[in-house]
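K.L.:
Below is one structure. I have some questions about it.
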Amino acid sequence: MEVIKIIGVALTALVIIILLKQYRPEFAIYISLLTGVLILLLVMDQLQGIIMLLQSLASKASINGTFVTLLIKITGIAFLSEFAVSVCKDSGEGAIASKIEIGSKIIIISMSIPIISSLLEIILKILPT
């Protein structure tokens, strides 16, 4: 039951952060970062299994492996940027958080262009002229 481990780590970190904020509030962000990394490490096995499953399904369905790799990278960027945005917001840096959101969205859109253009080509082939 990985979810119980994740909840346990999160609640333990929450208690530590609440206690630390009374005496040393500057250390609370470090506990938050450490907790995020620890939770990420706890779900790494499941994440690796999902990636292998997606690649297996793509090869069985004759989908270009480049597209699957791109989708996995885009998903990773979305997760990492959401983590960074949360850390910035927890630190009271909403302006930096919004810049991370904008930057990551631009990167995701630019990485999606090959997939979008391929889909448009397929649609144009299907449509009667």
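The values are calculated or read from the model by the stated rules, or taken from the named source; none is laboratory data. Every value quoted in this text rests on a predicted model; they were computed, and no experiment measured them. Counting neighbours? That spans all protein chains shown, and the Cβs are built from the backbone with ideal geometry, glycine included. The area values use the complete protein model at the heavy-atom level, side chains included, leaving out ligands, DNA and RNA. Shrake-Rupley method; radii C 1.70, N 1.55, O 1.52, S 1.80 Å.
K.L.:
Between residue 69 and residue 43, what is the FRET efficiency for a Förster distance of 35 Å, r being their Cβ-Cβ separation, to the nearest 0.05? Kindly include the intermediate steps, with their values, before the conclusion.
P.N.:
Working: r = 20 Å, r/R0 = 0.58.
With R0 = 35 Å, the Cβ-Cβ based efficiency is 0.95.
K.L.:
Towards the positive end of the charge dipole of the chain, with charges on Cβ (+1 Lys, Arg; -1 Asp, Glu), say which of 53, 120, 10 has the farthest Cα.
P.N.:
120
K.L.:
Given the DSSP H assignment, sum -39500 (n - 2.57) over each helix run of at least 4 residues in the chain and divide by its residue total; what's the result at 222 nm in deg cm²/dmol, nearest 500? Show your work: numbers first, answer last.
P.N.:
On the way: 5 runs with 113 residues, N = 129.
-30500 deg cm²/dmol, from helical runs alone.
K.L.:
OK, next. Along its three principal axes, how long is the chain when you only count alpha carbons? Whole Å, largest extent first please.
P.N.:
Computed over the Cα atoms, the extents are 71, 37, 18 Å.
K.L.:
Please give the length that would be gained between residue 53 and residue 33 if that part of the chain were fully extended, namely 0.36 nm times their separation in residues minus their C-alpha to C-alpha distance (nm, one decimal). Provide the component values of the computation, followed by the final result.
P.N.:
Numbers: separation 20, 0.36 × 20 = 7.20 nm, distance 2.93 nm.
Gain on stretching residue 53 to residue 33: 4.3 nm.
K.L.:
Quick one: order 50, 108 from most to least accessible surface, probe 1.4 Å.
P.N.:
Of 50, 108, the descending order of accessible area is 50, 108.
K.L.:
Using the basic label-point model (7 angstrom from Cα toward the beta carbon), what is the residue 16 to residue 117 distance in nanometres?
P.N.:
About 4.7 nm separates the two model spin labels.
K.L.:
With a cut-off of 8 Å between alpha carbons and a minimum separation of six or more residues, what is the relative contact order of the chain in percent?
P.N.:
On the way: 59 pairs, mean separation 23.4, N = 129.
Across the chain, relative contact order equals 18 percent.
K.L.:
Right, here's the next one. Express the accessible area of the chain per residue in Å², computed with a 1.4 Å probe while the remaining protein chains stay in the model. It would help to have the intermediate numbers written out before the result.
P.N.:
Values: 9520 Å² over 129 residues.
Heavy-atom accessible area per residue stands at 74 Å².
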